[in-house]
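Here is the structure we will look at.
None of the figures in this text is laboratory data; all of them are computed from the coordinates on show. Just so it is clear, the structure is predicted and the values come from calculations on it, not from any experiment. We place every Cβ from the backbone using ideal geometry, glycine too, and count neighbours over all the protein chains shown.
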Amino acid sequence: MLTILTLPVLNDNYIYLVHDPVSGETAAVDPAVAAPVLAMLKRHNWALTYILNTHHHSDHVGGNLELKQKTGCKIIAGFSDRHRIPGIDIAAREYDTLSLGKHPIQVIDTPGHTNGHIVYHFTNDSLLFCGDTLFVMGCGRLFEGSAEQLWHSLQKLKSLPAATRIYCAHEYTQTNGRFALSVEPGNQALQQIMAIVNQLRAKHEPTVPSTIAQELVTNPFFRENSPALQATIGMTDKKLVDVFARLRKLKDSF
Ligand code: ZN
Ligand code: FE
């Protein structure tokens, strides 16, 4: 069993530490900053083996060089981001299989938020580290790619096993949920999850992980085929990718 630690940093970022007690290997996912990672490694007496970067934004790679210098870890990121990831050692291509100890990690290309964005699927452990592509009840903004690209990327994630646990890189859940309710006010699963989310956030606790199953019933960006949602935003019987693009636009100004 892998141990996963969630480190809240900056305003609303999460860094994840994934530790395999069998091999002793440890990975840090999207280390925005180095200090809290170093402190946690020290506290648990873990050595850092890898950094897994999902994309090049500074709130995901800001701790790379310091961590590499102080721990000797190897830095992994997407092949098409290889020119803009500080300290990159391994440029991973889609469907390359990496591993943490004996735990396989499949790389999936998810362009949209940025062109080189990738996600890490721990296939045997049902874990997905999805950076800024998929959020709890939301998805990433379009900084470099098109709505169509991001929609295709999300289709790949949507088809992962329902029990897959979702670890995204930001705590945006409450705002995402408010938007979700605005486009699908009658969604009972959404109302129930929002009640739980509001309780967690009142205590400043993380709302991650979610699961693919939970996103399928609550996330509007996974629910562009919902007739109720389509009706609310005036997109009944439109192409799904166009419904998705409209949702993304609405969320941008929510
Ligand atoms: Zn980003
Ligand atoms: Fe980010």
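Remarks
- Within-15-Å neighbourhood charge of LYS68 [Cβ basis; K, R +1; D, E -1]: -1
- Database remark: amide H of PHE135 closer than 5 angstrom to the amide H of GLY140 (H placed geometrically; neighbours at sequence offset of 5 or more, or on other chains; Pro and chain starts carry no H).
- A cut-off of 5 Å between modelled amide H atoms, ignoring neighbours fewer than 5 places along the same chain, links HIS170 with TYR14.
- Highest-fluctuation residue, ASN64, ASN45, ASN187 considered, GNM on the chain with Cα pairs under 10 Å: ASN45
- Whole-Hz Karplus values for region 229-235 come out as 4, 4, 5, 4, 9, x, 10 Hz, taken residue by residue from phi with 6.51 cos²θ - 1.76 cosθ + 1.60 and θ = phi - 60°; glycine and proline positions read x.
- Between helix 35-44 and the chain: long-axis angle, C-alpha atoms, 0 to 90°, nearest 10: 70
- Expected 222 nm ellipticity per residue - DSSP helices of 4 or more, -39500 (n - 2.57), all of the chain, to 500: -10000 deg cm²/dmol
- With respect to the chain, whose longest principal axis is taken over its alpha-carbon atoms, helix 173-183 is tilted by about 20°.
- Taking chymotrypsin sites (Phe, Trp or Tyr not before Pro) across region 57-153, the ones in a DSSP loop with at most 14 further Cβ atoms lying within 10 angstrom of their Cβ are TYR95, PHE143.
- Order of GLU94, GLU224 - criterion: other Cβ atoms within 10 Å of each residue's Cβ, fewest first: GLU94, GLU224
- Residue order for LYS74, LYS249, LYS42, fewest other beta carbons within 10 angstrom first, comes to LYS42, LYS249, LYS74.
- Amide H contacts under 5 Å for GLY63: ALA32, VAL33, restricted to partners 5 or more places along the chain or on a different chain, H placed in the peptide plane at 1.01 Å from N.
- The average projected area of the chain, computed from the convex hull of its Cα atoms over all directions, is 12.7 nm².
- Taking every DSSP bridge with both residues inside the chain, close to 70 percent are antiparallel.
- For the chain, the number of Lys pairs with C-alpha atoms closer than 19 Å, counting only pairs eight or more positions apart or on separate chains, is 10.
- Positive minus negative residues near PRO8 (Lys, Arg vs Asp, Glu; Cβ under 15 Å): -3
- Listed values for region 208-222 are Karplus-derived 3J(HN,Hα) couplings in whole Hz (6.51 cos²θ - 1.76 cosθ + 1.60, θ = phi - 60°), namely 9, x, 9, 9, 4, 4, 5, 5, 4, 9, 10, 7, x, 7, 9, and x replaces Gly and Pro.
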